[in-house]
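Notes follow once the structure below has been shown.
The values are calculated or read from the model by the stated rules, or taken from the named source; none is laboratory data. The shown structure was predicted, so the numbers you read here are calculated from the model rather than taken from an experiment. Ideal geometry is used to build each Cβ from the backbone, glycine not excepted, and the neighbour counts take in all protein chains shown. Surface accessibility is based on the protein's heavy atoms, side chains included, excluding ligands, DNA and RNA. Shrake-Rupley method; radii C 1.70, N 1.55, O 1.52, S 1.80 Å.
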Amino acid sequence: MKWETVIGLEVHTQLATRSKIFSGSSTAFGAAPNTQASAVDIALPGVLPVLNKGAVECAIKFGLAIGATLNRVNVFDRKNYFYPDLPKGYQISQLAKPIVEGGALTILVDGEEITVNLTRAHMEEDAGKSLHEDFHGMTGIDLNRAGTPLLEIVSEPEMRSSAEAVAYARALHTLVTWIGICDGNMQEGSFRVDANVSVRPVGQAEFGTRREIKNLNSFKFLQQAIDYEVRWQIETLEDGGRIEQATVLFDPDTGETRMMRSKEDAHDYRYFPDPDLLPVKLDEEWVEAVRAALPELPAAMQARFQRDYGVSPYDAGVLTGSRALADYFETVAKTCGQGKLAANWVMGELSATLNKAELDIAQSPVPAARLGALITRIQDGTLSGKLAKQVFEGLWEGAGEVDAIIEARGLKQLSDSGELETIIDEVLAANPKSVEEFRSGKEKAFNALVGQVMKASRGKANPAQVNELLKRKLG
Amino acid sequence: MSDTSLSALAAQLAAKQISSRELAQQYLDRIAALNPSINAFITVDAHKTLAEAADADALIAAGKAGPLTGVPIAHKDIFCTHGWLTTCGSKMLHNFVAPYDAHVIQRFKAAGMPSLGKTNMDEFAMGSSNETSYFGAVRNPWNTGYVPGGSSGGAAACVAARMAPAATGTDTGGSIRQPAALCGITGLKPTYGLVSRFGMIAFASSLDQAGPMAPSAKDCALLLNVMTGFDPNDSTSLERQKEDYTRDLDKPLTGLRVGLPREFFAEGLNNEVAAAVEAAVAELKRLGATTVEISLANSGLAIPVYYVLAPAEASSNLSRFDGVRYGYRAPEYATLDDMYCKTRAQGFGAEVRRRIMIGAYVLSHGYYDAYYLQAQKIRRLIADDFSEAFEACDIILGPTAPGTAFRLGEKSDDPVEMYLNDLYTIPANLAGLPGMSLPCGFDSSGLPIGLQLVGNYFSEAKMLNVAHQFQRATDWHARAPEGLR
Amino acid sequence: MSQALTQDDVKRIARLARIEIDDAQAQATQAQLNAIFDLIATMQAVNTDGIAPMAHAQEVYQRLRDDDVTETDRHAAFQSVAPAVENGLYLVPKVIE
């Protein structure tokens, strides 16, 4: 039987606010346990929540960025359950009236554009952390993270492979960091993915029973977990078993998923509107001000890069992988006026060198304007490709401006035709055999002669000029 | 102490006839003498009280005194008070020393009013008799075989017994007004949102409201001036211009339209209470008021609605008491889950456990619409009845409670019988309206009878005006129980 | 809807509320809760079609706080009233995931 995979993702993005969603505690990562847990965060008797405007603004930005409906009046609910990292015994979330509904994200998978629709995005507070290392057989609770603002972004079950799921998750990651609502740090838990996975026979209309893989904190694990889960579900069904709705965890060490709780253990969360918080109203003026301040979004920028700089759809996608990369590329392209060449350098030499050094684009020792200047010198014939790489090394080392490096290191291409002619004459004199072969019709011999000339010029000869002069002299 | 009204005490302090320390000591002495028989206080700390009084004396000496600086007050043990044991009447918090001050406490501190201690209450404010307190029942100063009402029973009893010149209370379904009625004092529950709930341990967040309890309406007006005001830490606190609640006290009542809800004088009302309330109506007419019969057609649904909404909110509000961060933790348990279940079974009393379970049920899967949502809809019908009524009248009048104080233990085994005590007080909480109770007589056993006034939103000054004029013409509020030992 | 609560219902909600309850208590509680739900049942017959639920006493919207850090570290004071603490962490019986 042929099976079809159905995937929907729920992504918890930590919003990049200074303070928590309902208290004035810092959200900074890595503080000593419970030093950033205020009276409100630890739920002392009598304390009350007050909503952080910054968190709401992040949610508005997101809603606008995905073309969603912003619910002008949205409501916070309480989700009730007991867990030691949940101090109030309920999580403040949004169920019936979330701030964001609908919207879509376009992704590129194997050269094909796919639109993934979003169901909703709602604001909620994060829980604390349980530390399971042994305290005399006890668990330690750190509430520093409790109350950190989250935007939970829920997609429709529209993805059909792990590749699509990863592409969607990456696009979402790019977007939330692009618009500055999330730092995107997956190691620190700023972007956590839950995947709802089911399979069904191809052609069947109803969905299969889904299992939810919780808390995936890298794209690699997302891919592995889904691939394992899909294989497991298909095998189970083909062996005559059935899938029970469940929540599972992915173990990166074994590469397997394992059951956390079944549907029977599912919580009865007893949601109801939080009486301590009033309905949140988004007035038009605010929404429009946020809209006006939004940066150009990745999709719009991709289209513009293709149009203005003639780059391919694929390259446009890569170059808009982050706002920093896109800005870098655009500065390079504008400086040199050569879009395609700029794209090649940014995605080629620069990316490779950054990768090797484990740096990201924002940390590049080569400023975009200098890379642009370098490309200008290729374009005007001052540098060959090979020389340009040497100049790039100089830029990387911080040796100064492009022209200064060319000058100081004597990397200028030979463009004085007199000097070049002398070299060519010497090469022709020293290689009579090759000259003979060329004249008898062997094209290959010509290339050998070009090579000899380049060698004799120590790489500084302009290959086009060498070709032209050689042809004339042999012709 | 002859005239112990707040204005008289403030005048004596201002004239340096008595110091705040001396005044506080007098009350501490009376508490020491009477509390063993009344049990109105859970915590008394003379050292702290006198230190606060000394601070007040310093303010007075420096000429920085406010209208009530130096006058002591007792606080319901529902308000977190920095450095004081704050129990909410529960074993769950029997050892909880609050690390911060409730907004109300901050306001009284800023006003220079020393705290006489923390008053007893029904556990987590759930009760109408003060018998659910982990710290034992409070006794009614008029007859110690009787309950003082609840949940602010300790507050009402300490004021009635003149162990404090005034006290703070909270009212979710009648918890200021009903004990005020049963103890023969004056108590006011303000419009929801006028007094910050920050630091007030939550029972039912959308209904809870703090207010003053004192012998007279004038005292309550002075206290309300201290208690009310915007607090950015409470999202439901209203941003309003500060009012002087004493401003209308002396206005004549000529032309006042008093609404008498048919439903508040129907079956279930004790005859002696009905007679006293009718006499009070006659008195107001003599003072220039007119009466009009009104209907609050859905008020009969107030109790069922309340016993869905309040437990629902409470079940969630009380989930934080889990033995992890503060308060009681069961001494023995096997697992985390066992720790939760034992801690909560042992830490909460029977009534609190019952209400948590009601709340969990009405919110649980499959029951939400039939119970919770339905109750919220009827809540609106009840509020709409009031809006309509206030087109025909300026103030609504009726009994505070269907009867006078009952014997200790009389209703404690029958929750439903107990709940019916709040028949007339709950509607104002559901609508968020201000309500007050003032003494209007005594029954044949010598137990006080309470008259309830319900005003439109933000009409506290008018209610206090009506109450003050009534109290100028009567002396029910000035009577105190005699022979207390 | 107002059929009486069973023993199992009582145990289920006690479990939801994390309140230990034995059979004898469940039985007593069942009777009391049923009396209360009889009282509540009078509300359920009311026709409330088209009535908007009332969640708050005032028709006002949520006030928003500026995104500023205003709290300082007070964990020592807060943990002085905690049942079990070590190295700044609240201790609970082992959580099994």
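Numbers for the structure displayed
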{"read-out": "Residue list for the range B:48-99, restricted to those being of a type in the set (S, T, N, Q) and crowded, with 24+ Cβ neighbours inside 10 Å", "value": "B:Thr81, B:Thr86, B:Thr87, B:Ser90"}
{"read-out": "Any hit, the range B:15-24, residues being open to solvent by 40 Å² or more (accessible area, probe 1.4 Å) and in a helix (DSSP H, G or I)", "value": "yes"}
{"read-out": "Among the candidates B:Phe442, B:Phe470, residue that is assigned by TED's automatic domain parsing to the domain that holds B:Leu222 and more than 24 Å from B:Ile382 (Cβ to Cβ)", "value": "B:Phe470"}
{"read-out": "Filter result (free of Cβ contacts under 8 Å to residues at least 40 places away in the same chain and touching a helix residue (DSSP H, G or I) at 6+ places or on another chain (Cβ under 6 Å)) within the range A:187-230", "value": "A:Leu216"}
{"read-out": "Residue among C:Gln25, C:Gln62 that alone is within 9 Å of chain B (Cβ to nearest Cβ), open to solvent by less than 30 Å² (accessible area, probe 1.4 Å) and more than 16 Å from B:Tyr372 (Cα to Cα)", "value": "C:Gln62"}
{"read-out": "Matching strands (runs of 3 or more DSSP E) fully within the range B:28-124 where at least 1 residues are under 19 Å from the mean Cα position of the chain (by Cα) and more than 15 Å from B:Val138 (Cα to Cα)", "value": "B:73-76, B:115-119"}
{"read-out": "Residue check, B:Leu420 of a type outside the set (Phe, Trp, Tyr), under 22 Å from B:Thr172 (Cβ atoms) and modelled with pLDDT under 95", "value": "yes"}
{"read-out": "Verdict on A:Asn144 being touching a residue at least 12 places away in the same chain (Cβ under 8 Å) and either surrounded by 19 or more Cβ atoms within 10 Å (Cβ to Cβ) or closer than 20 Å to A:Ala28 by Cβ (or both)", "value": "yes"}
{"read-out": "Qualifying positions in the range A:254-305 - more than 14 Å from chain B (Cβ to nearest Cβ), open to solvent by less than 60 Å² (accessible area, probe 1.4 Å) and not aliphatic (A, V, I, L, M)", "value": "A:Gly255, A:Thr257, A:Ser262, A:Trp286, A:Pro295, A:Pro298, A:Gln302, A:Arg304, A:Phe305"}
{"read-out": "Unique match (being closer than 21 Å to B:Leu301 by Cα, in contact with a helix residue (DSSP H, G or I) (Cβ under 6 Å, 6 or more places away or on another chain) and open to solvent by less than 20 Å² (accessible area, probe 1.4 Å)) among B:Leu430, B:Leu451", "value": "B:Leu430"}
{"read-out": "Residue pairs meeting the criteria (Cβ under 7 Å; at least 6 apart or on separate chains; first in the same structural domain as A:Ser351 (by TED's automatic domain parsing), in the range A:313-330; second β-branched (Val, Ile, Thr) and part of a loop (DSSP other than H, G, I, E, B))", "value": "A:Leu319/A:Val311; A:Ala326/A:Thr320"}
{"read-out": "Among residues of the range A:252-286, those that are at pLDDT 95 or above and part of a strand (DSSP E or B), counted", "value": "4"}
{"read-out": "Of all residues making up the range B:451-485, the number that are touching a Lys or Arg at 6+ places or on another chain (Cβ under 7 Å) and modelled with pLDDT of 95 or more", "value": "5"}
{"read-out": "Residue match in the range B:192-203 (condition: in the same structural domain as B:Tyr100 (by TED's automatic domain parsing) and under 20 Å from B:Leu447 (Cβ atoms))", "value": "no"}
{"read-out": "Yes/no for B:Lys285 being of a type in the set (Lys, Arg) and closer than 30 Å to B:Ser196 by Cβ", "value": "no"}
{"read-out": "Subset of the range C:65-86 [facing chain B (nearest Cβ under 7 Å) and of a type in the set (A, V, I, L, M)]", "value": "C:Ala77, C:Val81, C:Ala82"}
{"read-out": "Those residues of the range C:2-37 which are over 20 Å from the mean Cα position of the chain (by Cα) and closer than 20 Å to B:Ala314 by Cα, in sequence order", "value": "C:Ala35"}
{"read-out": "Residues being over 30 Å from B:Leu13 (Cβ atoms) and more than 14 Å from chain C (Cβ to nearest Cβ) - total across the range B:91-122", "value": "1"}
{"read-out": "Failed item, numbered, when B:Glu272 is tested on (1) within 12 Å of chain A (Cβ to nearest Cβ); (2) under 27 Å from the mean Cα position of the chain (by Cα); (3) of a type in the set (Asp, Glu); (4) open to solvent by 20 Å² or more (accessible area, probe 1.4 Å)", "value": "(1)"}
{"read-out": "Segments classed as helices (runs of 4 or more DSSP H), wholly inside the range B:291-393, with at least 1 members that are open to solvent by 30 Å² or more (accessible area, probe 1.4 Å) and within 14 Å of chain A (Cβ to nearest Cβ)", "value": "B:336-347, B:374-392"}
{"read-out": "Among (1) open to solvent by 30 Å² or more (accessible area, probe 1.4 Å); (2) over 36 Å from the mean Cα position of the chain (by Cα); (3) of a type in the set (A, V, I, L, M), the one test that A:Ile378 misses", "value": "(2)"}
{"read-out": "Every pair of residues 6+ apart whose Cβ atoms lie under 9 Å, when the first sits in the range A:342-359 and is assigned to a helix (DSSP H, G or I) while the second is open to solvent by 60 Å² or more (accessible area, probe 1.4 Å) and among the basic types (Lys, Arg)", "value": "A:Ala342/A:Lys334; A:Glu349/A:Lys389"}
{"read-out": "Single residue of the range A:115-135 satisfying the filter (more than 8 Å from chain C (Cβ to nearest Cβ) and more than 27 Å from A:Asn74 (Cα to Cα)) that is surrounded by the fewest Cβ atoms within 10 Å (Cβ to Cβ)", "value": "A:Glu133"}
{"read-out": "Hey, B:Gly83 without any contact (Cβ under 8 Å) to a residue 60 or more places away in the chain, within 14 Å of another protein chain (Cβ to nearest Cβ) and more than 30 Å from B:Leu408 (Cα to Cα) or not", "value": "yes"}
{"read-out": "Residues that are facing another protein chain (nearest Cβ under 7 Å), in a helix (DSSP H, G or I) and touching a residue at least 24 places away in the same chain (Cβ under 8 Å), drawn from the range A:37-91", "value": "A:Gly54, A:Val56"}
{"read-out": "Selection count where residues are at the interface with another protein chain (Cβ under 7 Å from one of its Cβ atoms) and open to solvent by less than 30 Å² (accessible area, probe 1.4 Å), scope the range C:40-53", "value": "3"}
{"read-out": "Condition check for B:Ala156: crowded, with 24+ Cβ neighbours inside 10 Å, modelled with pLDDT of 95 or more and closer than 26 Å to B:Pro99 by Cβ", "value": "no"}
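Okay, residues lined up against (1) surrounded by 15 or more Cβ atoms within 10 Å (Cβ to Cβ); (2) within 21 Å of the chain's Cα centre (by Cα); (3) part of a helix (DSSP H, G or I); (4) within 14 Å of chain C (Cβ to nearest Cβ):
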{"position": "B:Tyr245", "(1), (2), (3), (4)": "yes, yes, no, no"}
{"position": "B:Leu249", "(1), (2), (3), (4)": "yes, no, no, no"}
{"position": "B:Pro252", "(1), (2), (3), (4)": "no, no, no, no"}
{"position": "B:Gly288", "(1), (2), (3), (4)": "no, no, no, no"}
